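I have placed the structure first, in the form of C-alpha cells, so that the comments after it can refer back to it.
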Amino acid sequence: MRKSSGSIFLLVIILVVVAVLIVVGAFVFKSSQSKLTLPVSKNIKSPFSNIKFNTNNKEKDVALKAVKDMQKTLECQYNIDKKYPDSLIALLDLKNKCTLPEEFVLPKIMGDNWDSVNYTSTNNGQGYRFEMTVVPGEGYGVTENKTEYVVIPKTVQVDLLSKARDSQRDFDLDSLSKYIDLASVQSSDLAKFLCNGESTCVGDSRLTNSTKTDGTGWIKVNFASTGNIHFDSLALDPVNTDSNHYLYCADSSGWEIVGVLESKDNSKKMSSDGGIDSLKYEIGTNLYLLDALPNCKY
C-alpha cells in the first residue's frame, strides 16, 4: 500500500514538472514570435527621428493619399527591377506599368515642386525610400517596409533633396544609355547614327528645345528613325543649371553622357565610373571624349 502511494506521488510530481515545462515553453515561443519584425534592407538607413508634431489633418490626409499612390508606383518599379535587373524589359515595363494615377495630388506646401518629394530608389530591386513634406520640418517617411509620420531634421532634408536629384540623374542616364544601345544595334552606320548624320557632335541639356528625340535635342540620335523606340522627350537634369546639367558627346569611336552628382555620398561613384574626370559622372561607350573632342566641355 505504501509502495503504491509512493508511485502515485512520483507520477503526480512528473506530471506537474511536464506541465510547468509546457507553460514555460509556450511563453518563450510567444515572446520570440512577438519580437519578429520585417527585415530592413541594409542599403537603407532611416534618417527620421521619432518626435511627433500636430498638424492640419486635411493636409495630412492629402499627403497620405499621395504617399500611398507613390508607394504603389515604387513597389511596381521595385518588383520589376528585382525580376529583370539591368534589363531593357524592365525599362519598358516601368514606362508602361508603373505610373501615377491621373488624380495624383500633392500637399499645398509642396505646390508642383517634385524636388520636395525626397526619394531614393535603387535600380536593381534592392529597395526604396521616400519622404513627403506636410508642413515645414515634418511629413511621411516611407520605406518598402513601413510608413510613419516623422520629424525631418533640416540638415537631413537638404541632404535628401540632393540624394533625390542624384537618384533621378542616375535613373535618367541609365535609361537613356539603354535607349541609345538598343537604337545603335539597328544602325548600319554607327558613327553617323550617333550624331544624326555628322561625324562628331556635342549636345547640352541647357539648350532651347533640347528635349526633342528626333536628333535635334541634346542627344543627337534620331530615335524615331529606328521605328520601334518611342518616348516623348529626353530627360533633363533636375535643376539643369551651369553647375548641374547633361552633356552628350559622340564620334566614330562611341558616345558619352556627362553629369554631376550633388550628394557627397555619391562622390565615389563619380571617381570610380571609369571616366577621366573624378568630379563628373560619366556613362557611355567611350569615356575619354570629355575635353578631348572639340566643344565637349562641361
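Coordinate-derived values only; no laboratory data. Model, not experiment: these values are computed from the prediction. Quick reminder, even Gly has a Cβ in these numbers, built from the backbone with ideal geometry, and neighbours come from all protein chains shown.
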The range 199-265: relative contact order in percent, alpha carbon pairs under 8 Å with at least 6 residues between:
31
If one computes the Cα centroid of the range 228-274 and of the range 192-206, what distance in Å separates the two points?
15
Kirkwood Rh, the range 171-284, all Cα pairs: how many Å?
14.4
Can you tell me the relative contact order of the range 171-284? Whole percent, Cα pairs under 8 Å, sequence separation 6 or more.
21
Please give the peptides 190-197, 102-109, 261-268 ranked by average Cβ packing (other Cβ atoms within 10 Å per residue), highest first, as a rough proxy for protection.
190-197, 261-268, 102-109
